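Student: One structure follows; several queries about it will come next.
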Amino acid sequence: MKTITILISMLTVLVFNVNGQSTAVKGLLDKQETRTEIFKTIASNHQLMMEFMKVAKEYDHSAMMMSNAENHQRIEMEAKKASMADMNDEHQMMGMMKDNPEMMQKMMGKMMQMCEKDTAMRNQMVNMMTEHPEMMNMCTQKMKEKGRMNPGGKMMNPKEKSHHENYKH
């Protein structure tokens with residue numbers, strides 16, 4: 001009888017102790033400061049983080065979130081690699097144009113032809129020119145020299161240019 005009483009007492013103490021711990025954990029997690037400190041402790045300890053990730057993978061929601069984070073990181077890394085490749089290509093192209101002025105003139109001519117046909121590209125070119133006033137001044141000067149601008153500084157279309165040339169002679 002004594003043994004049964006001791007066993008029941010120990011079970012009762014154990015049940016109360018387990019219930020007391022779960023409410024204590026919930027109480028800890030309810031406080032923002034304590035919760036943040038727990039997160040920081042887990043994140044800064046490799047072993048704890050590995051255990052946390054192992055447990056987290058067992059739950060659908062957290063496994064999906066970790067998978068999304070991994071995909072996002074992979075996409076960002078690929079974008080950075082592509083950006084670096086573009087910069088490298090740009091440097092190579094600039095070097096080629098420096099070494100081959102004929103190629104640069106040909107490219108610029110084709111770009112100008114494209115701008116004549118495409119208003120969006122033309123607007124983009126105009127915006128770029130307004131951001132570089134020295135280039136704009138040089139272009140204006142060249143157009144005046146070639147007779148593409150009237151004395152008032154306005155562009156002339158081909159009909160006006162031929163009409164203007166008739167009066168120059």
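The values are calculated or read from the model by the stated rules, or taken from the named source; none is laboratory data. Predicted model, so just to flag it, every value in this text is computed and none were measured. Positions of Cβ are backbone-derived with ideal geometry, glycine not excepted, and every protein chain shown enters the neighbour counts.
Student: Being within 28 Å of the chain's Cα centre (by Cα) and either surrounded by 12 or more Cβ atoms within 10 Å (Cβ to Cβ) or touching a residue at least 40 places away in the same chain (Cβ under 8 Å) (or both) is the filter here, so list the residues in the stretch 127-142 that pass it.
Tutor: Quick first cut of the stretch 127-142, residues within 28 Å of the chain's Cα centre (by Cα) only: 127-132.
Passing the criteria: only Met129.
Student: I'm checking my understanding of the structure. Among residues of the stretch 78-124 that are at pLDDT 85 or above and farther than 21 Å from Met135 by Cα, which one is nearest to the chain's Cα centre (by Cα)?
Tutor: Among those that are at pLDDT 85 or above and farther than 21 Å from Met135 by Cα, it is Asp118.
Student: For residues that are in contact with a helix residue (DSSP H, G or I) (Cβ under 9 Å, 6 or more places away or on another chain) and either outside any helix (DSSP H, G or I) or acidic (Asp, Glu) (or both), tally how many sit in the stretch 57-99.
Tutor: Residues flagged as in contact with a helix residue (DSSP H, G or I) (Cβ under 9 Å, 6 or more places away or on another chain) and either outside any helix (DSSP H, G or I) or acidic (Asp, Glu) (or both) within the stretch 57-99 amount to 1.
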